[in-house]
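See structure below.
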Amino acid sequence: MDGVSFEVDEGAALGIVGESGCGKTSLGIAVMRLLPSNVQRFDGGIYLDGQDLQRLSKEEFRRTIRWKKIAMVFQGAMNSLNPVMRVGDQVAEPLLVASDIGRKGAMARVSDLLEMVGLPREAAQRYPHELSGGMKQRILIAMALILNPRLLIMDEPTSALDVSVQAQIMNLIKRLKVQLNLSVIFITHDIALASDICDTVCVMYAGELAEIGTAETILKEPRHPYAQLLLSSIPRLRGRAKPAYIPGDTPDLVTPPPGCRFHPRCPYVFEPCRIRSPGPFPLGGAHLARCWLLQDSKHGPDQA
Amino acid sequence: MPAAGSYRIVNMDQIRLENVSVHFPVRRGLFKSVPARAVDGVSLNIPKGKTLALVGESGSGKTTLGRVSLRLAKPTLGRVYFEDLDITDLKEGNLGWFRRQAQAIFQDPYSSINPFMKVEEIVAEPLKIHGEGDGPSAKERVHKALFDVKLTPEVEFAVKFPHMLSGGQRQRVGIARALILNPKYIVADEPVSMVDASSRAEILYLMRSLQERYGPAFLYITHDIASAKFFSDRIAVMYLGRIVELGSPEQVIGAPLHPYTAALVESVPEPDPANRLRERHVIPGEPPSATGIPLGCRFHPRCPSFMKAKCDVIDPTLLEVRPDHFVACHLY
């Protein structure tokens, strides 16, 4: 992952879209400060309400930010619920650790939360094996919300679910976002799914930001060739356009190609692409793209 | 009795299932077991050289049905025909000729190929099994298969190991292996669900062009109804062990008759920035398990068009309600 910047407004959702190995999950766990110890270099700042989170010590971050201000629903976490513990107790755990509310108060809060995520209050008494996939995902969302975080990071929260259940969970996330004025970072490989919730979409390729802009811009008029091709590769249920594809494979991040990382697969490749990494070039408003073709667009080049 | 949805000239069918059921015993406690009806009375046929997409959610029985059609599983009830031959009761020892004609492409190219074998060994394996692995022609055939799936230069790819390949390339190895015996019938079970979105269509186009060139019939098993639209001739929608709707992609996706199909089509997100401003229509609940199939129509507890004293009592049969468009629903 290299040189990625973005911001998420209060009550807004940012989608991080990219294919396997593009670094989207690393981005999520970097914000949570849970990167593994073999990370060679982590530069850059993470700010929450103007506060520079990188200046906090590990301990301060754990005590004041993680789960209290920023919570995360991890990919595949429905399989990491403790099988021998009632799910209500698992949801309550962060609250019991973080406050002296006591078990009774915590369980009352758990009941309210379960109702909010569309589960019956009695579900707290159940064990994970008694719940369906969709119900487990709702439990994980309740668990992430128990300390009233401001920002919720969700990494592929529906990828293990069937489409009909996926649609239910997306509706729930949409409702919670409005009801709680929650900021959301939604990490997914599925740009169509991202359009279900995201106000801003960031398309990543091989660890780099390719293009970022409002949902309208990215989904209707993307400028980066990768974003355009990714969008046209989705088989559409409505309309007759046949899905396209991008020849070739995503590069190995140990030895990424020089210049623009997309250049070996790009149909518009020209000289500078092979030599220097482009942009990001501003395209008006918060719209940015890293592509040499867009350097001389009417908004002018930016050597940032 | 011809199978529902069968083409009238029976010997045009590559594979035909008649009233197939597969029941598995599921243990409950120490001594009791209850049957899970993974597939329950399904009839379908695939004409030669055509593709039938079997669309359904997890647990709908689509993979089990695919296994039965390959005779990797034996049906509890019903018959399996390959061309006009009844292969339902053939013993493994007598199935060799059929195994040569019927191949499979699996979902996970990471676990379905041996990591210690070179690409050429993986692709040549079916030749060896069927006693054609020796001689210089075997190597030629392997190279040709690699060329067919566009793993070129073939000589270079032949000596690579699976870990040196990307997901899409590994899946091509799987396709080359399935094609090397020039089979007449191929089951592709979720062949692209582990492949990156931007490469999926490439693999599906490749399968389609190889079908045009060599003419095998395909059973394309998928949860992704949108991909079925572009890569199949007919679509069968499965719910809890039954086919609930069958027709052309235009019929099934453009004008779905079954409430479940309609809900499935509605649930698929399309990239549209307006999506975030509205909630999607969803069907409530999740499919029950195959051990607790509801009485009557098995979709009735989740159905928006539920009719009391009908849907919860009478099990609907798959009927042709429009030309070549079949549905199992009391609304029709």
Revision key, fill the gap. How many residues of the range B:182-236 are over 17 Å from A:Leu237 (Cβ atoms), in contact with a Gly (Cβ under 9 Å, 6 or more places away or on another chain), within 14 Å of chain A (Cβ to nearest Cβ) and aliphatic (A, V, I, L, M)? The answer is 3
Review point. Could you give every pair whose Cβ atoms fall below 7 Å, whose first residue belongs to the range B:277-298 and is at the interface with another protein chain (Cβ under 9 Å from one of its Cβ atoms), and whose second residue is of a type in the set (S, T, N, Q) and assigned to a loop (DSSP other than H, G, I, E, B), counting only separations of at least 6 or pairs across chains?
Key: B:Glu286/A:Ser132
Check your understanding: Would a scan of the range A:166-182 turn up a residue that is under 21 Å from B:Arg200 (Cβ atoms), in contact (Cβ under 8 Å) with a residue 60 or more places away in the chain and surrounded by 21 or more Cβ atoms within 10 Å (Cβ to Cβ)?
Key -> no
Review point. Does at least one position in the range A:142-149 carry a residue that is more than 19 Å from the chain's Cα centre (by Cα), surrounded by 18 or more Cβ atoms within 10 Å (Cβ to Cβ) and within 14 Å of chain B (Cβ to nearest Cβ)?
Key: no
Revision key, fill the gap. Log entry, pairs with first residue in the range A:282-294 being without any contact (Cβ under 8 Å) to a residue 40 or more places away in the chain, second being surrounded by 21 or more Cβ atoms within 10 Å (Cβ to Cβ) and assigned to a strand (DSSP E or B), beta carbons closer than 6 Å, six or more apart or on different chains, reads A:Pro282/A:Leu288
**Study point:** Output for the range B:44-75, where each listed residue is of a type in the set (Ser, Thr, Tyr), out of contact with any helix residue (DSSP H, G or I) (no Cβ under 8 Å at 6 or more places or on another chain) and at pLDDT 95 or above
**Key:** B:Ser69
**Study point:** Residue satisfying all of: in the range B:260-276; touching a residue at least 24 places away in the same chain (Cβ under 8 Å), facing another protein chain (nearest Cβ under 7 Å) and not small (Gly, Ala, Ser); surrounded by the fewest Cβ atoms within 10 Å (Cβ to Cβ) among these
**Key:** B:Val265
Exercise for review: For the range A:124-137, name all the residues that are in contact with an Asp or Glu (Cβ under 9 Å, 6 or more places away or on another chain) and either in a loop (DSSP other than H, G, I, E, B) or more than 14 Å from every other protein chain (Cβ to nearest Cβ) (or both).
Suggested key: A:Ala124, A:Ser132
Review point. Taking interchain pairs and intrachain pairs at least six residues apart, which have beta carbon atoms under 6 angstrom, with the first residue in the range A:196-209 and in contact (Cβ under 8 Å) with a residue 24 or more places away in the chain and within 12 Å of chain B (Cβ to nearest Cβ) and the second of a type in the set (Phe, Trp, Tyr) and part of a strand (DSSP E or B)?
Key: A:Ile197/A:Phe186; A:Cys198/A:Phe186
Exercise for review: Take the range B:286-320 and flag every residue that is within 24 Å of the chain's Cα centre (by Cα) and more than 17 Å from B:Asp40 (Cα to Cα).
Suggested key: B:Glu286, B:Glu320
Review point. What are the residue pairs meeting all of these: first residue in the range A:226-246, first residue among the polar types (S, T, N, Q), second residue at pLDDT 90 or above, Cβ atoms under 6 Å, and 6 or more apart or on different chains?
Key: A:Gln228/A:Pro222; A:Ser232/A:Ala244; A:Ser233/A:Pro243; A:Ser233/A:Ala244; A:Ser233/A:Tyr245; A:Ser233/B:Ala201
Practice item. Please tell me if B:Gln211 is surrounded by fewer than 24 Cβ atoms within 10 Å (Cβ to Cβ) and either of a type outside the set (Ser, Thr, Tyr) or in contact with a Ser or Thr (Cβ under 7 Å, 6 or more places away or on another chain) (or both). Key: yes
Exercise for review: Would you be able to tell me the number of residues in the range A:173-187 that are within 14 Å of chain B (Cβ to nearest Cβ) and touching a Gly at 6+ places or on another chain (Cβ under 6 Å)?
Suggested key: 1
Study note, to complete from the structure: Every listed condition ((1) within 14 Å of chain A (Cβ to nearest Cβ); (2) crowded, with 23+ Cβ neighbours inside 10 Å) holds for B:Gly59 save (2)
Revision key, fill the gap. Flagged in the range A:82-102 as outside any helix (DSSP H, G or I) and at pLDDT below 90, in numbering order, are A:Ser99, A:Asp100, A:Ile101
Review point. For the range B:222-330, which strands (runs of 3 or more DSSP E) that fit wholly inside it have 3 or more residues that are of a type in the set (Asp, Glu) and on the phi < 0 side of the Ramachandran plot?
Key: none
Check your understanding: Is it fair to say A:Arg223 is under 25 Å from B:Leu151 (Cα atoms), touching a strand residue (DSSP E or B) at 6+ places or on another chain (Cβ under 8 Å), more than 9 Å from chain B (Cβ to nearest Cβ) and of a type in the set (D, E, K, R)?
Key -> no
**Study point:** Residue in the range A:212-231 that is touching a Gly at 6+ places or on another chain (Cβ under 8 Å) and charged (D, E, K, R) present
**Key:** no
Review point. Is it the case that some residue within the range B:223-232 is over 18 Å from the mean Cα position of the chain (by Cα) and closer than 18 Å to B:Ser60 by Cβ?
Key: no
Check your understanding: Identify, please: which residue in the range A:151-165 is of a type in the set (Val, Ile, Thr) and within 7 Å of another protein chain (Cβ to nearest Cβ) and is, among those, surrounded by the most Cβ atoms within 10 Å (Cβ to Cβ)?
Key -> A:Val165
Revision key, fill the gap. Within the range B:115-153, residues within 23 Å of the chain's Cα centre (by Cα) and part of a loop (DSSP other than H, G, I, E, B) come out as B:Val149
Revision key, fill the gap. (1) part of a loop (DSSP other than H, G, I, E, B); (2) within 20 Å of the chain's Cα centre (by Cα) all hold for A:Val165 apart from (1)
**Study point:** Filter result (over 16 Å from A:Leu151 (Cα atoms), among the small types (Gly, Ala, Ser) and buried (at least 16 other Cβ atoms within 10 Å of the Cβ)) within the range A:58-97
**Key:** A:Ala77, A:Gly88, A:Ala92
Revision key, fill the gap. Checked A:Ser132, A:Ser111, A:Ser99 against criteria (over 22 Å from A:Leu172 (Cα atoms) and of a type in the set (S, T, N, Q)); the one match is A:Ser99
Review point. So which residues in the range A:248-258 are free of Cβ contacts under 8 Å to residues at least 40 places away in the same chain and either at the interface with chain B (Cβ under 7 Å from one of its Cβ atoms) or crowded, with 19+ Cβ neighbours inside 10 Å (or both)?
Key: A:Asp249
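The values are calculated or read from the model by the stated rules, or taken from the named source; none is laboratory data. Just so you know, these numbers come straight off a predicted model, no measurement behind them. Glycine gets a Cβ as well: all are built from the backbone with ideal geometry, and neighbour counts include every protein chain shown.
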